[in-house]
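Structure first, then comments.
The values are calculated or read from the model by the stated rules, or taken from the named source; none is laboratory data. Model, not experiment: these values are computed from the prediction. Backbone-built Cβ (ideal geometry, glycine too); neighbour counts: all protein chains shown.
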Amino acid sequence: MSDAFITPDLFSELDRLQRQMSSLFGGFPTSLRSTRAGTFPQINVGSTEESVEIVAFAPGLDVSKLDVSVDKGLLTIAGERATGYQNPPDGVRQYAQERFNGSFRRVIELPQQADPDKVQAKYIDGCLLISVGKRETSKPRSITVQ
C-alpha cells in the first residue's frame, strides 16, 4: 500500500501554481482562434441569416489609412494609428502606456457560407463595421414536398 495521500489542499495548490504560471507567461491560448490580451483592434463577430457582421473597435483612426481586404476566405483589417505626440513632453516620466499606436493587422477566418463579393465596410464613431453577405445557396429555404 502506498503512503501517498492526496488531500484537497494539494489540488488547490496545483490550481494556484497553474494561475501563477499563466500570469508569468501571459497565459496560453485555449484555441487557435484565441488572441493575446491587448490585441488591436478588439473585435466582435456575429452572424445573421443574411450576413456575417464584424465590429472592430478602433477609435482614433484615419479612415484613409485603413485597409480591408478578403482573400481565400480570410478577411484582413490593416492600418495605422498614431498618437497626438510620439514622445512625452519635457519633464514627464512615463510609467505606463496603455493606448496602442503604430501599425496593426488582424486576420479573421470567414465561414464557408460568406460571399467575398458582398463585403461592405463603414467607419462610424470609432467602430469599423464590416458586413459580409452570405451566399444564396447557404441561406435557409423552404422546400415543397410533392
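The number of residues in region 39-63 being assigned to a strand (DSSP E or B) and either at pLDDT below 90 or exposed (fewer than 12 other Cβ atoms within 10 Å of the Cβ) (or both) comes to 2.
Filtering region 108-127 to residues that are in contact with a Ser or Thr (Cβ under 7 Å, 6 or more places away or on another chain) and under 22 Å from Ala58 (Cβ atoms) leaves only Gln120. Screening Leu66 on (1) closer than 30 Å to Gln120 by Cβ; (2) at pLDDT below 90 shows it passes everything except condition (2). Surrounded by 10 or more Cβ atoms within 10 Å (Cβ to Cβ), at pLDDT 90 or above and not in a strand (DSSP E or B), is that true of Pro111? Yes: the conditions hold for Pro111. Close Cβ contacts (under 9 Å, 6 or more residues apart or on different chains) running from residues in region 122-133 that are free of Cβ contacts under 8 Å to residues at least 12 places away in the same chain to residues that are surrounded by 12 or more Cβ atoms within 10 Å (Cβ to Cβ) and part of a strand (DSSP E or B) comprise Lys122/Leu128; Lys122/Leu129; Lys122/Ile130; Lys122/Ser131. Contact annotation: residue pairs with Cβ atoms under 7 Å, 6 or more positions apart or on different chains, pairing a residue in region 64-77 that is touching a residue at least 24 places away in the same chain (Cβ under 8 Å) and at positive phi with a partner that is assigned to a strand (DSSP E or B) and not aliphatic (A, V, I, L, M), are Gly73/Glu109.
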